Amino acid sequence: MFKKFIYMCVMCVLAMVPAHAELKVDIIAGATEPVSVAVQKFETSGNVSSQDAAMIREVVEKDLKSTGLFRIVSHNALPEFVKMGEMPDFNLWAAIKTQVLVQATLSADGKNKYKLEFYVWDINGKEQIEAQSLISSRKSARRLAHIMADAIYERLTGEIGYFDTQIVFIAESGSVGDRMKRMAIMDQDGFGMRYLSDKDTYVMSPHFSPNMQTIVFLSYRDNDPMVWTLDLDTGAQRRLGQFGGMSFAPRFSPDGTRVALSLVGKDGYTHIYEYNIDDKTLRQLTFGASLNTSPSYSPDGTKMAFNSDRSGRQQIHVMDLKTGEEQRITYGAGKYATPAWSPDGQFIAFTKIADDTFYIGIMDPRGHNEKILAGGWYMEAPSWAPNSRRLVYYETEKYGENDIERISHIRSVDITGQNVYDIDLPDDISGVEPTWSPKLP
């Protein structure tokens, strides 16, 4: 499934030391005014589908616009068509307040492949700042668009792109009293949703392995709640192990060799364990008369965040995995749950419950500088984009007569708390427990 269809080479990058101030977008503070980007109609060459060329252009524009950092210049406002290899008339583009111009050509590279070449121009700096060539199978044309958008995003922000990624989640359908839960996967923009589990097995809590080969999840197969794995290439499902009790909330370690999970003991308490995939051993990490769950590894694999009620109220703790030392890091009003360490290690995202309201927030790994990003009747399960600048989560809302029915949306928000949007799902599907993938291989 994830074999590499895209081959990339950098053709040229002109003016590596610009004479003018370098165009950069501050994505941490959020742009005061979005950077205006014009994407020309693609040139085509050879046996190329004009529909594919238009689709790639549209996806690139939607990807960039979705960040809230860029404004796409209307096609009707473009003052000229600049052929590949020719210089733009910078004064014409500056007159309509365009800051970035993107040119591209899509050509046939053999019978079943496309070649996409694109240039990126800084209009105010009057220089070309990016030029790349991508080759893919024709059926992967949409991935070409996401990779192109990533390259533009990375050049303009200096951060890792996240458009060529996927989201695994639980797709819910049916009434509240008869809910069907199936594991599903889709591109980060909601395109290409497909099911990974059947309609007869209740599943929860899916998470990707670091190499995108495997998904670990909770399955109620045969009414026995246990952690299972799914191989994304073959579709094979396997029980992770026989642990003698209900296991849930699984999460891969950053190197993919271990899985942290929660296990309910005979005494009724829940503790966190670490399962070594290679030697099939289980190591207990938390102890005592308390409930401990929702483990999340730090990016370097040396620490683990989790939530525990050992203080009398559900709070987030951090454990040093080498020494076993633990530290409570949340002391705010309310309860804290579902910690998720950002890929760059700078933040821990969380769910907070206070005053009958659910919140999604972030803080630093010491529990300081708490920032609330979203709030509502019910929301949970934050998960990070690979660049640590956006999160997905789900929000459930009441509707219908007497607010009996429920609908859940998968939403994305940046770390400034701005630019919240829904990821499109089929009309009859609610989405819960989303997990963002690493960048695709």
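The values are calculated or read from the model by the stated rules, or taken from the named source; none is laboratory data. This structure is a prediction, so every number in the text was calculated from the model and none was measured. In this analysis, Cβ positions are derived from the backbone assuming ideal geometry, glycine residues included, and neighbour counts consider all displayed protein chains.
Which is β-branched (Val, Ile, Thr) and either under 30 Å from Ser412 (Cα atoms) or assigned by TED's automatic domain parsing to the domain that holds Asp422 (or both), of Val82, Val37, Val48? Steps first, answer last, please.
On the way: Val82 fails: either under 30 Å from Ser412 (Cα atoms) or assigned by TED's automatic domain parsing to the domain that holds Asp422 (or both); Val48 fails: either under 30 Å from Ser412 (Cα atoms) or assigned by TED's automatic domain parsing to the domain that holds Asp422 (or both).
Unique residue meeting the criteria: Val37.
Of all residues in the stretch 220-240, those satisfying the criterion of being of a type in the set (D, E, K, R) and more than 12 Å from Val203 (Cα to Cα) are Asp231, Asp233, Arg238, Arg239. Return a yes/no flag: does the stretch 61-71 have any residue that is on the phi < 0 side of the Ramachandran plot, over 25 Å from the mean Cα position of the chain (by Cα) and of a type in the set (A, V, I, L, M). Among the residues of the stretch 61-71, not one is on the phi < 0 side of the Ramachandran plot, over 25 Å from the mean Cα position of the chain (by Cα) and of a type in the set (A, V, I, L, M), which makes the answer no.
One residue stands out among those in the stretch 135-146 that are surrounded by 22 or more Cβ atoms within 10 Å (Cβ to Cβ) and modelled with pLDDT of 95 or more: the one that is nearest to Pro343 (Cα to Cα), which is His146. Residues in the stretch 413-427 that are touching a residue at least 24 places away in the same chain (Cβ under 8 Å) and either closer than 26 Å to Ile372 by Cβ or crowded, with 19+ Cβ neighbours inside 10 Å (or both): Val413, Asp414, Ile415, Thr416, Gly417, Gln418, Asn419, Val420, Tyr421, Ile423, Asp424, Leu425.
What residue, of Thr330, Thr323, is in a loop (DSSP other than H, G, I, E, B), exposed (fewer than 12 other Cβ atoms within 10 Å of the Cβ) and assigned by TED's automatic domain parsing to the domain that holds Glu380?
Details: Thr330 fails: exposed (fewer than 12 other Cβ atoms within 10 Å of the Cβ).
None of the other options fit; the residue is Thr323.
Looking at the structure I just gave you, is Ser408 of a type in the set (Gly, Ala, Ser) and either farther than 17 Å from His207 by Cβ or modelled with pLDDT under 90 (or both)? Before the answer, list the steps.
Values: of a type in the set (Gly, Ala, Ser): yes; either farther than 17 Å from His207 by Cβ or modelled with pLDDT under 90 (or both): yes.
When the stated conditions are applied, Ser408 passes them.
Please verify whether Lys126 is at pLDDT 95 or above and more than 30 Å from Ser412 (Cβ to Cβ), treating the condition exactly as stated. Answer is yes for this residue. Residue check: is Thr338 at positive phi, within 23 Å of the chain's Cα centre (by Cα), surrounded by 23 or more Cβ atoms within 10 Å (Cβ to Cβ) and part of a strand (DSSP E or B)? In short, yes. Would you check which residues across the stretch 252-284 are out of contact with any Asp or Glu (no Cβ under 9 Å at 6 or more places or on another chain) and outside any strand (DSSP E or B) and list them? Correct list: Asp255, Gly256, Gly265, Lys266, Asp267, Gly268, Tyr269, Ile277, Asp278, Asp279, Lys280. Of the residues examined, Ser308 is not one that is touching a Phe, Trp or Tyr at 6+ places or on another chain (Cβ under 9 Å) and either free of Cβ contacts under 8 Å to residues at least 24 places away in the same chain or buried (at least 20 other Cβ atoms within 10 Å of the Cβ) (or both).
Considering every residue within the stretch 286-298, establish whether at least one is in a loop (DSSP other than H, G, I, E, B), more than 30 Å from Arg239 (Cβ to Cβ) and in the same structural domain as Ser219 (by TED's automatic domain parsing). No: zero hits. Being free of Cβ contacts under 8 Å to residues at least 24 places away in the same chain and crowded, with 20+ Cβ neighbours inside 10 Å: is that true of Gln315 here? Here the answer is yes, as Gln315 does meet what is asked.
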